[in-house]
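These notes concern the structure reproduced below.
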Amino acid sequence: MSMQQEKAPPRVSKSPEKVVHLTPQERSNLGKEARKRLPRDWQASFEPLSSRPDPVSLLELQAESRVPELVPIRYGRMLVSPFTFFRGAALIMASDLATTAHSGLITQICGDAHLSNFGLFASPERSLMFDVNDFDETLPGPWEWDLKRLAASVTICGRDQSFSKKNCVAAATQVGAAYRREMSRLANLRNLDVWYSSVDVEAVIANITAKASQTSNRAKAKRDEGMAAKASSVVAKARTKDSLQALEKLTTLVDGERRIVSDPPLIVPLEELAGDDQPDDLMGTLHQLVRSYRRTLQTDRRHLLEDFRLVQVARKVVGVGSVGTRAWILLLLGRDGDDPLFLQAKEAEASVYEEFLGKSHYTNHGERVVAGQHLMQAASDIFLGWQRVDGIDGISRDFYLRQLRDWKGSFAMEGAIPKGLTVYAGVCAQALARAHARAGDRIAIASYLGNGSAFDNALGEFAETYADQNERDYGALKAAVASGRIAAETGL
């Protein structure tokens, strides 16, 4: 039965100031009531509306506030494949999700929970964590929207790898099953246990290795051994990605001082970018950004940051969907030239979901991103903070700052086998469930999902349908470039 409608559902209301404490049974009943309003198999539904916006027009709308000379790079990166297109199409999918019915159970959503926005990073205690790692679009919203974006990304990724439909459906369905099982587990834990829970990377690898040793099927054992070895390699490599590694890769010595290596248009030092056009004013603005951003950090971390001096700044092109927003890398040095700290200052615009869910109650979008990240992640960067600055063009812009590299790692899907995609999709779904459980009503969500596979199967069906839509939208972008409507710069 179709739940599509010609107008968007009512906007999600903001949380009341008074906190209401319901019993576990009352919270469970909320999930059962939501199930009556929206049966789980109806979550499969997606039919493009007759009034659906032109996807290329939505991308052009986003481009209006971005750095003009970088926008063609964004389009070029989106043209690489349907999956890279999907990475840059958060606004398009937000517009589509807003036309579908949802359970009415609200949590903090990542807003862009595709496969490439999960990964490894270091906790403040120097443990390696696996979690959601991009929060540019975060906002309170329906938990299903994150899950549907993740499942669609799994199917699109599988198609990019030429996996069979059966394998793609299995991987997308696993997103629902892993999320459901993890949410059920979390629903039975005490609040503090949920807050301190995390995805144990080493345990996941050990589990895959154990399965390989237990199976009598040599082909399956070899497959699992290969998956475990590949994952272990990614983990080991992540531990080397820190400010020292960035210093070696991104800088060179000039007259005894470390300087960021120019690699236009992807990395452009500030002095080259400004030329003769007020470079001192722009550097002064960024000095102001760092000084004022310090006040958003905890006292001890502020003290630590004050032991570093800002040496140089460069503009850096990052990601796919973010290309064109203003992103800076900041080189700071501590006791000497071998004591670096690389920060990234990234422009934060309004979430693509604000049009459909209402405006954030944070007036600074950098703070919105940081607050959402703190709420959803098991642990966050010690230098994660925000600030608003007035540019030399007279426009005020919001930024959030964090370390550029602190044991960062990601699992590339290129060359993956179907089983590897399914396992990884499940781990991502597990991390997403934990993030949603921290911010929303885990008992109500678990009650809605139940113990059966109805939602899992619906999610797999939705992912297939939306992957088809994504391919049509990808084709529309290719046609827009071919006709000269927009310019794309490929290979960067």
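The values are calculated or read from the model by the stated rules, or taken from the named source; none is laboratory data. In this text the structure is predicted, and so the values were computed from the model without any measurement. Positions of Cβ are generated from backbone atoms using ideal geometry, with glycine treated the same way; all protein chains shown enter the neighbour counts.
Every residue, every condition in (1) closer than 16 Å to ARG397 by Cα; (2) at pLDDT 95 or above, yes or no:
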{"site": "ARG335", "(1), (2)": "no, no"}
{"site": "ASP338", "(1), (2)": "no, no"}
{"site": "TYR353", "(1), (2)": "no, yes"}
{"site": "ASN364", "(1), (2)": "yes, yes"}
{"site": "ASP381", "(1), (2)": "no, no"}
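From the set of residues in the range 193-208 that are of a type in the set (D, E, K, R) and part of a helix (DSSP H, G or I), which is nearest to the chain's Cα centre (by Cα)?
Among those residues, the one meeting the criterion is GLU202.
Would you confirm whether any residue within the range 373-383 is assigned to a strand (DSSP E or B) and surrounded by fewer than 21 Cβ atoms within 10 Å (Cβ to Cβ)?
no
If I ask for residues that are crowded, with 24+ Cβ neighbours inside 10 Å and under 15 Å from THR465 (Cβ atoms), which ones from the range 151-172 would you list?
ALA151, ALA152, SER153, VAL154, THR155, ILE156, GLY158, CYS168, ALA172
Looking at LEU120, LEU147, which one is within 18 Å of GLY426 (Cβ to Cβ), assigned to a strand (DSSP E or B) and in contact with a Gly (Cβ under 9 Å, 6 or more places away or on another chain)?
Sole residue among the options that is within 18 Å of GLY426 (Cβ to Cβ), assigned to a strand (DSSP E or B) and in contact with a Gly (Cβ under 9 Å, 6 or more places away or on another chain): LEU120.
For the range 447-475, give me each residue that is assigned to a helix (DSSP H, G or I) and surrounded by fewer than 18 Cβ atoms within 10 Å (Cβ to Cβ).
Listed by number, the residues that qualify are THR465, ASP468, GLU471, ARG472, GLY475.
Taking the condition of being in a helix (DSSP H, G or I) and under 14 Å from the mean Cα position of the chain (by Cα), how many residues in the range 95-117 meet it?
Summing the residues that are in a helix (DSSP H, G or I) and under 14 Å from the mean Cα position of the chain (by Cα) in the range 95-117 gives 3.
Being of a type in the set (Phe, Trp, Tyr) and either more than 19 Å from the chain's Cα centre (by Cα) or not in a loop (DSSP other than H, G, I, E, B) (or both) is the filter here, so list the residues in the range 392-437 that pass it.
PHE399, TYR400, TYR424
If I filter the range 353-362 for residues that are in a loop (DSSP other than H, G, I, E, B) and on the phi > 0 side of the Ramachandran plot, do I get at least one hit?
Checking the range 353-362: at least one residue is in a loop (DSSP other than H, G, I, E, B) and on the phi > 0 side of the Ramachandran plot.
Consider the range 272-330. How many of its residues are closer than 23 Å to LEU492 by Cα and among the hydrophobic types (A, V, I, L, M, F, W, C)?
12
Of the numbered conditions (1) touching a Ser or Thr at 6+ places or on another chain (Cβ under 9 Å); (2) buried (at least 18 other Cβ atoms within 10 Å of the Cβ); (3) assigned by TED's automatic domain parsing to the domain that holds VAL154, LEU189 fails exactly one; give the number of that condition.
(2)
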